[in-house]
Amino acid sequence: MRTPRILLAAFGLAVVVDLASLAVGFEPGHTVAKPLLMPLLAAWAALRGAPRLLVAALLFGWGGDMLLLSDAEPAFLAGMASFAVGHVCYLALFRAHGRRNTAPRARKGSLHYERPIRSRGLVPCIARRRSALVAELPGRFGNAARCGARPRDPGGHSARTPKGLIALGYAAALTGTVALLWPDLPAALRVPVAAYSALLTAMAYGALTRLGLLAGLGGALFMLSDTLIATGVADWPQLPGPDFWIMLTYIAAQVLLTGGTLGEWRTPQHAPDAGRGDRGDERPGRTDDPVRPGRL
């Protein structure tokens, strides 16, 4: 099917035009290209079977993009509100379709499960594709947990969940950023920026812990992009060409969030019966276990 490829190519062209225009200071090019970015990405994702909540999040991001083309304070507040609704869509998406405790993702060979012992009559439950490569946390390790297997790293030490540490890290980033920006923000924007920052941080944390590393990186880049905007509002010293870096990190964030969502959408764990009992487990000797699509 050529339509998704055409949309993806058009999106790539719009990205190049937008970033090149910002790099050379050609404002008309940015004004034309920026409004095309999120609709093209959303249309491509929709044709790839993306959840509606992902498409909605991208389109609310487009609304924010349009409003932030203006430098007026009401437009800035309205744009921030549009992005905030997009983050709510992302949070709902993670809750509805993401998996619990996906951080950290195990790489091949970096984390594995001990197989139960056959001589004791226990049936190995780690045969399903990819399931042995994913570390489920805490205390819930997919089918392996139901068979009494314990997750171990190659050195033989029990794996521990970093989820609490990740939450502390995001909370520290939020608190530190808002505390530093607060004195220099216009009085009318302090509370809205703080509230928006909390929602953005929750989205970034949810992306990592529900969808994994790819989407988590997207959430972190979204935080970086909006922090760059906030430092501009606070009249802090800026990098050369600040708008270029803002758009580069923002576009990368939305692409990674989209890619992370679509990648998770197609994993076997999102089959309607995945994770319920042992019906989804591959039986010994079978290699034709079908991969069912996720639910919309």
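Once the piece of chain linking ARG95 and ALA198 is laid out straight, how much longer is it, given 0.36 nm per residue of separation minus the C-alpha distance between them?
Taking ARG95 through ALA198 to full extension adds about 35.3 nm, to one decimal.
So what's the range 34-81 giving for Rg/Rh, alpha carbon basis, Kirkwood Rh from the mean inverse pair distance?
Taking Rg over the Kirkwood Rh, I get 1.07.
How are the Cα pair distances of the range 1-69 distributed, in percent, across 5 Å bins from 0?
With 5 Å bins starting at 0, P(r) equals 3, 19, 24, 23, 17, 9, 4, 1.
If the chain between LEU239 and ALA20 were fully stretched, how many nm would it gain, using 0.36 nm times the residue separation less the Cα-Cα distance?
77.2 nm
Readers should treat all values here as calculations from the given coordinates under stated rules, not as data from a laboratory. In this text the structure is predicted, and so the values were computed from the model without any measurement.
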